[in-house]
Amino acid sequence: MNMEKPKVSVEEYLWVARFYDRMMKHVNYGAWSKYVMRMFDLARRDIRDVADLSCGTGRHLHHFIKAGFHCLGADISMPMLRVACSRPTVKNRLWQQDARHPAIKENSMDAVIMLFDSVNYLRRENEIRQLFEKVDRILRPGGLFVFDTVTEYMIRLHMTEYFETETWDDLAYERRSAYNAKTRMQYNNFSILRQGQLIRERHSQRIWTHKEMTGFIEKSPLTLLDARADFKKKPVQPRTERIHYILLKPKT
């Protein structure tokens, strides 16, 4: 990629949204969605109405709708939602929304999901606490909140000094990842070349520890039912790469 081209820096997902699904073609969203659906058996009510507060391009949402759930999808990124609108199954169920301020009626959802380490984009403790409080309000008693985070072990193993590149007919990109162990911030730096223009896009995530996250949950209105490691039912271990948390809104 010619780095001498004119450069412009843009916000997260403004350009990456255009090729996000191609970049993530290795992800089995169907199997991931089924893994989460099985967690719904832990709910103390029937699960029918589901809100995905970080639906992105709608891949998970599509599978939940196909499985018969009544779903709403939200994301803070309008470019990602524009891609989601191209999916007939989800296009009439979307709105732009910050997950910390969901405009959803109180006590109206049986389950809320935030998948693919979306919670790692909340980089401050008060943002996590705010999210838990808002989710508690929109869940019906006995409902579930399921989300996942990536661990520092995973970042150190796979995403420290990571590099990938791809070229298609319409554009090319480079992705370089770096991790600051002191701040526990992980960065994905994209260089995107399209029609002679070089675009820079930087994404950043906070890598929360399992101890920190369980501490936040303990201070929230929600109850931790389980924390599962690496798409299995096994408990979290030092070499766990991804953790799924299953939270319950207690019945009053």
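Magnitude of the charge dipole for the chain, about its Cα centre and with charges confined to Cβ atoms of Lys, Arg (+1) and Asp, Glu (-1), is about 420 debye.
Of all GluC sites (Glu not before Pro) in the stretch 82-162, which ones are in loop regions per DSSP and have a Cβ with at most 12 other Cβ atoms within 10 Å? Display every interim value, and only then the final one.
On the way: sites: 106, 125, 127, 133, 152, 161; in loops: 106, 161.
Counting only loop positions with at most 12 other Cβ atoms within 10 Å, the GluC sites (Glu not before Pro) in the stretch 82-162 are 106, 161.
For residue 145, the shell of other residues with beta-carbons less than 9 Å away shows a net charge of 0, using +1 for Lys and Arg and -1 for Asp and Glu.
Overall, the stretch 50-163 carries a charge dipole of about 440 debye about its Cα centre when +1 sits on the Cβ of Lys and Arg and -1 on the Cβ of Asp and Glu, all other atoms neutral.
Report the local net charge at residue 61: Lys and Arg +1, Asp and Glu -1, summed over other residues whose C-beta lies under 12 Å from its C-beta. Local net charge: +3.
With loop defined by DSSP as not H, G, I, E or B, and exposure as at most 15 other Cβ atoms within 10 Å, which is the longest segment of the chain clear of exposed trypsin sites (Lys or Arg not before Pro)? Intermediate values should be presented prior to the final figure.
Values: sites that count: 25, 44, 48, 91, 105, 123, 124, 182, 219, 232, 233, 239, 251.
That gives 125-181 as the longest site-free run.
For the stretch 144-252, the residue among 157, 243, 215 whose Cα projects farthest onto the positive side of the dipole built from Cβ charges is 215. Whole-Hz Karplus values for the stretch 134-151 come out as 5, 5, 4, 5, 8, 6, 6, x, x, x, 10, 10, 10, 8, 10, 9, 8, 9 Hz, taken residue by residue from phi with 6.51 cos²θ - 1.76 cosθ + 1.60 and θ = phi - 60°; glycine and proline positions read x. Annotation for the stretch 96-199: chymotrypsin sites (Phe, Trp or Tyr not before Pro) lying in DSSP loop with at most 13 further Cβ atoms inside 10 Å of their Cβ are 168.
Modelled label positions at residue 200 and residue 241, each set 7 Å beyond Cα in the direction of Cβ, lie 3.1 nm from each other.
As a length-normalised measure over Cα pairs under 8 Å and 6 or more apart, the relative contact order of the stretch 166-252 settles at 17 percent. Rounded to the nearest Hz, the phi-derived 3J(HN,Hα) couplings of the stretch 105-113 under the Karplus curve 6.51 cos²θ - 1.76 cosθ + 1.60 (θ = phi - 60°) are 4, 4, 6, 10, 10, 8, 8, 10, 10, where x marks glycine and proline.
Can you check what the net charge comes to around residue 24, using other residues whose Cβ is under 14 Å from the Cβ of residue 24 (Lys, Arg +1; Asp, Glu -1)?
Numbers: positive: 18, 22, 25, 59, 175; negative: 21, 117, 164, 166.
Combined, the nearby Lys, Arg, Asp and Glu give +1.
Annotation: the residues 70, 158, sorted from fewest to most other C-beta atoms within 10 Å of their own C-beta, follow the order 158, 70.
Considering only 187, 145, 198, and ranking their Cα positions along the charge dipole of the chain that arises from unit charges at the beta-carbon of Lys, Arg, Asp and Glu, the one farthest toward the positive end is 145. When the charge dipole of the chain is built from unit charges on Cβ atoms (+1 for Lys and Arg, -1 for Asp and Glu) and taken about the Cα centre, the candidate among 94, 178, 71 whose Cα reaches farthest toward its positive end is 71.
Values in this text are rule-based calculations from the coordinates and carry no lab data. Values in this document were obtained by computation on a predicted structure and should not be read as measured data. Cβ: placed from backbone, ideal geometry, glycine included. Neighbour counts: every protein chain shown.
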